[in-house]
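Asks: Please read through the structure below; I'll follow up with questions.
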Amino acid sequence: MKKEIRNFCIIAHIDHGKSTLADRLLESTGTVTTRQMKEQLLDDLELERQRGITIKARAVAMKYQRGGIEYELNLIDTPGHVDFQYEVSRSLACCEGALLLVDAFQGVEAQTVANAYAALEHDLTIVPVINKIDLMNARPDEVAEEMMNSLGTDPFECVRVSAKTGLGVNDLLEAIIERIPAPTGDPNAPLQAMVFDSNYDDYRGAITYVRIMQGTVKRGHKIKFARKGSVHEVVELGQFAPARVSCNELSAGQVGYLICNIKSLGDVHIGDTVVDNIDKSAPALPGYARPKRMVYCGLFPSDGQEFTDLRDALERLAVNDPSFEFEPETSDALGFGFRCGFLGLLHMEIIQQRLENESDIDLVQTAPNVTYEVVDKRGNTHTIHKPQDVPDPGDIEEFRQPIVRCSIIVPNDYIGSVMKLCQERRGIQRAHEILGANRTMLTYHIPLAEVVYDLHDKIKSATKGYGTLDYEMVGFEPADLCRLDIMVNGNRVDALAIVCHRADADRRGRAVAKKLKSEIERHMFEVAVQAAIGSRVIARETVPAMRKNVTAKCYGGDITRKRKLLQKQKEGKKRMKAVGNVEISQKAFMAVLSDG
Ligand code: GDP
Ligand code: MG
């Protein structure tokens, strides 16, 4: 039988039904039987299931027969959240087409637009899909119009489906075959395969996910990773269906995995090219643009003994997630730990949770900050990843911060409150576009620090959850910023320093001091908390000395209550760090994010 291949991904705003649609496609093609069907099969990371979001892109091969031709449909799942644009772009590079999925009730949202543009930049054929047409309040005609206004798609080309009931899924399969072009590439040419993902298996070593661009790879072949030149023998290769199914060869156009007994994690680089181990091997493919890490924080083990465990755990995570980076850091207050770089706040939260779930290490995390640039009085420019590295005020010629272009899509009722929020966050409006009867896209330039701080949450609550935000880096711009130091009993606590706008410094300083006062437990002595810019103290709070034993108040009372109290105290102790002789909890290290 004749064979043809289609490679595609599904891109959508979060919750528009990408994972559900993937499940339905697996079912309709018989890749997975209804009985085997566990809901949202592709989200196999435990954390993804817990949080209901797709973090790592996955690839699944489906077989589908039509008109005497067997089609291999390779579906690459992509994450939908703003923090993971980098992984989206990796997936796009492996595909010829993209299903652009939009919820028939929610309509076009910020990530719909961002993802659609990314797909167009990669020259993908876009198949517009309107999902959830089974919903009572679905408004597919209006949504088709919104898609036309914001993305230029033809309303007549929108395929209407319900990923939940399966309605329209066969039409969608037809559209995938009819509209998405087959991959080109010569199976007899020298091997050229793009590494788009990898993970680590305790028994098999690194598993490398590849898209074969040219040539053929077979079991037993010697292959070479172009970047480092390391050579390995292919001991197993195959595709995901969705479990690993081995085969004898993969050739041009196919997507699958390679296992080469690679035990050293540093050998596999996402974005690398796999070629034949011969003199005239194919050239390396252009790698992916380096991910921009925009948010940094310190991670320290609560128990200093766990430093090496933490390092091992971070190394394992980094293999699977090249957008995450870390380097050792020492803090006077927190001891030995790591400064870690993330794509955004959600990314940070996920890494922290994965670390705790997968390695059982108690972490103390410092408040996140963005990258800054400082030009000193001698004209040297410094890139700053942690606030405590900002030089003293007298040595700063210019202080620069990252600015992002935010696209915010809102129902018209909320335009006023969103504009107010953006202005308060020092945003400058750049555009105001009407997408449909009741949808508007606002574009603002806003300091990233303000976005990271809380803009996303604030937009969500100001719009009853309907507003959506996406952002991309514009560049660094000078601003009137300062380093705000926090002192506890006269000791500057490096891990509590923050950078903020000078006009906000007084308010932030007071808020942080107040918050810390409430987070620091009483000690046997008085604890003074101060906020200062340079040598100028701008706020002071005092934690009074402890007078009584905590259990004293249950004196004579019931013993289980006393035990509970002691237990609670013990748990509270876990994430503590001592600064001088003052114990500070994990929560207090995040207190600098407090708005008062
Ligand atoms: P993702 O974030 O894009 O992967 O979205 P999910 O596939 O996790 O779906 C988000 C929510 O929408 C889930 O509660 C799904 O059950 C629901 N959902 C997905 N597709 C449909 C559909 O066609 N109709 C209805 N009524 N609900 C759907
Ligand atoms: Mg999902």
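Asks: To test your reading of the geometry: what angle, between 0 and 90 degrees and rounded to tens, separates the Cα axis of helix 140-151 from the longest principal axis of the chain?
Replies: Between the helix axis and the principal axis of the chain, the angle is about 80 degrees.
Asks: Using just the Cα positions, wrap the stretch 274-423 in a convex hull and report its mean projected area in square nanometres, one decimal place.
Replies: Here the figure is 15.6 nm², rounded to one decimal.
Asks: Tell me the carbon and sulfur percent of the accessible area for the chain, rounded to whole percent, probe radius 1.4 Å.
Replies: Carbon plus sulfur share of accessible area: 48 percent.
Asks: Still on this structure, I have one more. Which of the listed residues, H122, S518, T330, is farthest toward the dipole's positive end in the chain, when Lys, Arg count +1 and Asp, Glu count -1 at the beta-carbon?
Replies: S518
Asks: Further, regarding this structure: Got a sec to turn the phi values of the stretch 456-461 into Karplus ³J(HN,Hα) couplings, 6.51 cos²θ - 1.76 cosθ + 1.60 with θ = phi - 60°, whole Hz, x for Gly and Pro?
Replies: Coupling constants for the stretch 456-461: 4, 4, 5, 5, 4, 6 Hz.
Asks: Grab the beta carbon distance between D171 and E70, set R0 = 22 Å, and tell me the FRET efficiency rounded to 0.05.
Replies: Efficiency for this residue pair is about 0.65.
Asks: Something else now. Counting Lys and Arg as +1 and Asp and Glu as -1, each charge on the Cβ, what is the dipole of the chain about the Cα centre in debye, to the nearest 20?
Replies: 1920 debye
Asks: For the stretch 293-371, just say rounded, prolate or oblate: build the C-alpha gyration tensor, square-root its eigenvalues into a ≥ b ≥ c, call rounded for a/c under 1.5, and beyond that prolate if a/b exceeds b/c, oblate if not.
Replies: Taking the square roots of the gyration eigenvalues as a ≥ b ≥ c, the stretch 293-371 is oblate.
Asks: Also, I was wondering about something else. Run the simple label-point estimate for K218 and D332 please: 7 Å along Cα→C-beta, distance reported in nm.
Replies: 6.6 nm
Asks: Among K18/K458; K2/K280; K460/K517, which pairs are too far apart, with a Cα-Cα distance over 28 Å?
Replies: Long pairs (Cα-Cα over 28 Å): K2/K280; K460/K517.
Asks: Report, by chain and number, residues whose modeled amide H sits under 5 Å from the one on A59, excluding near sequence neighbours (fewer than 5 apart, same chain).
Replies: Result for A59 returns D77.
Asks: Of all DSSP beta bridges in the chain, what percent run antiparallel (nearest 5)?
Replies: Close to 85 percent.
Asks: Could you give the accessible area per residue of the chain, probe 1.4 Å, as a whole number in Å²?
Replies: Dividing the accessible area of the chain by its residue count gives 44 Å².
Asks: Still on this structure, I have one more. Students often check this: by mean Cβ neighbours within 10 Å, which of 350-356, 372-378 ranks highest, and how do the rest follow?
Replies: So the peptides 350-356, 372-378, ranked by packing, come out 350-356, 372-378.
Asks: Past the 27 Å Cα-Cα mark, which pairs from K63/K218; K3/K132; K218/K263?
Replies: K3/K132
Asks: What does the C-alpha gyration tensor say about the overall shape of the stretch 192-276? Classify as rounded when a/c is under 1.5, otherwise prolate if a/b is larger than b/c, or oblate.
Replies: Rounded shape, in that the Cα axes give a/c under 1.5.
Asks: Please name which of S407, V143, V370 has its Cα lying farthest along the dipole of the chain towards the positive end, using unit charges on Cβ (Lys, Arg +1; Asp, Glu -1) and the Cα centre as origin.
Replies: V370
Asks: Related question: Using a/c under 1.5 as the rounded threshold, could you call the stretch 455-548 rounded, prolate or oblate? The axes a ≥ b ≥ c are square roots of the C-alpha gyration tensor eigenvalues, and prolate needs a/b larger than b/c, oblate otherwise.
Replies: Here the stretch 455-548 falls in the oblate category.
Asks: On to the next question. Would you mind checking the tilt of helix 18-28 against the longest principal axis of the Cα atoms of the chain, expressed as 0 to 90 degrees and rounded to 10?
Replies: Helix 18-28 sits roughly 30 degrees off the main axis of the chain.
Asks: Tell me the relative contact order for the stretch 192-276 as a rounded percent, counting alpha carbon contacts under 8 Å between residues six or more apart.
Replies: 40 percent
Asks: If you stretched the chain out fully between E583 and N491, how much longer would it get, using 0.36 nm times the residue separation minus the C-alpha to C-alpha distance?
Replies: Here the segment from E583 to N491 would lengthen by 31.8 nm.
Asks: Across the stretch 474-491, in residue order, what do the Karplus-derived ³J(HN,Hα) couplings come to in whole Hz, using 6.51 cos²θ - 1.76 cosθ + 1.60 with θ = phi - 60° and x for Gly and Pro?
Replies: Karplus values, whole Hz, x for Gly and Pro: 9, x, 9, 9, x, 8, 8, 10, 8, 8, 9, 9, 10, 10, 10, 6, x, 8.
Asks: At 7 Å along the Cα-to-beta-carbon direction for both F525 and R405, put a label point, then send me their distance in nm to one decimal.
Replies: For the pair F525/R405, the computed spacing is 5.6 nm.
Asks: Another question about this same structure. Check R160: other-chain or 5+ apart residues with amide H under 5 Å from its amide H, H built from backbone geometry?
Replies: Those lying under 5 Å, H to H, from R160 are I130.
Asks: Next question, about the same structure. To the nearest 20 Debye, how big is the dipole of the stretch 192-276 about its Cα centre, given +1 on the beta carbon of each Lys and Arg and -1 on that of each Asp and Glu?
Replies: I would put it at about 140 debye.
Asks: Could I ask something else about it? What distance in nm separates the two pseudo spin-label positions at K280 and E356, each 7 Å out from Cα along the beta-carbon direction?
Replies: Going from the K280 label point to the E356 one covers 5.8 nm.
Asks: Mind jotting down the three principal axis lengths of the chain based on Cα atoms? Whole angstrom, largest first.
Replies: Computed over the Cα atoms, the extents are 85, 67, 57 Å.
Asks: Only helical DSSP H runs with n ≥ 4 go in: add -39500 (n - 2.57) per run for the chain, normalise by residue count and round the 222 nm mean residue ellipticity to 500 deg cm²/dmol.
Replies: My calculation for the chain gives -7500 deg cm²/dmol from helical runs alone.
Asks: Quick check: with the 1.4 Å probe, what order do M473, M148 take by accessible area, largest first?
Replies: My answer, sorted largest first, is M148, M473.
The values are calculated or read from the model by the stated rules, or taken from the named source; none is laboratory data. Keep in mind it's a predicted model, so treat the numbers as computed, not measured. Ideal geometry is used to build each Cβ from the backbone, glycine not excepted, and the neighbour counts take in all protein chains shown. These accessible areas exclude ligands, DNA and RNA; they are computed on the full protein's heavy atoms, side chains included. Shrake-Rupley method; radii C 1.70, N 1.55, O 1.52, S 1.80 Å.
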